[in-house]
1. So is G272 crowded, with 20+ Cβ neighbours inside 10 Å and either in contact with a strand residue (DSSP E or B) (Cβ under 9 Å, 6 or more places away or on another chain) or modelled with pLDDT of 95 or more (or both) or not?
2. Here's a check for you: in region 145-195, which residue that is aromatic (F, W, Y) and within 26 Å of G112 (Cα to Cα) is surrounded by the fewest Cβ atoms within 10 Å (Cβ to Cβ)?
3. From the list R239, R255, exactly one residue is out of contact with any strand residue (DSSP E or B) (no Cβ under 8 Å at 6 or more places or on another chain), more than 18 Å from T178 (Cβ to Cβ) and surrounded by fewer than 20 Cβ atoms within 10 Å (Cβ to Cβ). Which is it?
4. Could you list all residues from region 289-320 that are without any contact (Cβ under 8 Å) to a residue 60 or more places away in the chain and outside any loop (DSSP other than H, G, I, E, B)?
5. Take the residues in region 204-228 that are more than 30 Å from V301 (Cβ to Cβ) and in contact with a strand residue (DSSP E or B) (Cβ under 7 Å, 6 or more places away or on another chain); name whichever of them is surrounded by the most Cβ atoms within 10 Å (Cβ to Cβ).
6. Scan the helices (runs of 4 or more DSSP H) fully inside region 11-109 and keep the ones with 1 or more residues being within 16 Å of the ligand (Cβ to nearest atom).
7. Residue pairs, Cβ under 6 Å, 6 or more apart or interchain, first in region 17-35 and under 14 Å from T187 (Cβ atoms) and of a type in the set (D, E, K, R), second more than 16 Å from the ligand (Cβ to nearest atom) and modelled with pLDDT of 95 or more. List them.
8. Kindly indicate whether any position in region 193-205 is away from the ligand (no atom under 16 Å from the Cβ) and touching a residue at least 40 places away in the same chain (Cβ under 8 Å).
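The values are calculated or read from the model by the stated rules, or taken from the named source; none is laboratory data. What you are looking at is a predicted structure, and each value in this text was computed from that prediction instead of being measured. Virtual Cβ from ideal backbone geometry, glycine too; neighbours counted across all protein chains shown.
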Amino acid sequence: MSASDASNAAYTKGLHEVGDGCFAWLEPDGSWGWSNAGLVAGDGASILVDTLFDVPLTRNMLEGMSSITATKPITTVFNTHSNGDHWFGNQLLKDREIIASSAATAEMPSAGPERLEALRLLPGPTGDFAREIFAPFDWSDFEATLPTRTFDGRLDLDIGGIQVQLIELGPAHTGGDTIAYVPSSKTLFTGDLLFIGGTPIIWAGPLSNWVKACDVMLDLDVEQVVPGHGPITDKDGIRQVRDYLTFVDVEARKRHDAGMSAEEAVTDIALGEFGKWAEHGRIAQNVLAVYYELEPTMPHVDVLTVFGEIARLEGFTDDGTAAADHDH
Ligand SMILES: [Zn+2]
């Protein structure tokens, strides 16, 4: 499962040129909240693909892009989806056009930092887990700044002479996942339809639609792929995510057909090589997503419970310590 890294770009924090006029802003290590962003800089204008998880991180990124944006200012912001690590910094660009799919925009008002703050206040292992993963982030200045322009399906933009295609492929990770494709430099910004080195999480589903999204991305003429989390990749990275999703689908269905509960299936599935990916505990939500697809009337498990299950799988115990061994 080794990633061939066509770009050869180092996985280091900051700006990386990936193609003609295309840049990735990387935030290692790609785990919870450490998301990537992108910049496509044309003649006298740029589009920013996603802001970051909080205002200070986004401010730092905008400063890091200033050598480019001084002559090619950001005129447009595009949010790939509704998770906070892709739009909580929007307020620093509130006077620009902000674009997202209608479905992503509809989810944003109820996807603010309040839920994450609540998680951090929980007692016990779930709270310990949330306090650990969300400790680096500061939402004290947050002001909800929603997209000003929405679309469905597809939107083609001209950014200073560079064509940027926004292609909606959700629901999958969330309800309105959208990619940004720059044909002239064979560059693709995928948002969280790709996690590289970490485990994808199926908040919305259906899983089958995420597999379809992978196939659409594989059919594009691309050489550089900037994932929502993790290092820059190429089509091999898309195939890895497709393989993981297919594995989860097959293994969860088998256990559903054998009469196991989702919880039993999660415990029973041996992740093998996929267990070496970071955030492997997300299997808890991913098995549920398959069960929801198979049993449309099944009541959905609330996010707090799912977080607790992920924390347990990743070794957070009642005494508030994380197990050192994450390789199972
Ligand atoms: Zn993300």
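1. Criteria not met by G272.
2. Ranking the qualifying residues of region 145-195, first place goes to F151.
3. R239
4. Across region 289-320, the qualifying residues are Y291, L294, T305, V306, E309, L313.
5. V226
6. Ranges flagged: 55-64, 102-107.
7. Pairs found: E17/F23; D20/S185.
8. For region 193-205, residues away from the ligand (no atom under 16 Å from the Cβ) and touching a residue at least 40 places away in the same chain (Cβ under 8 Å): present.
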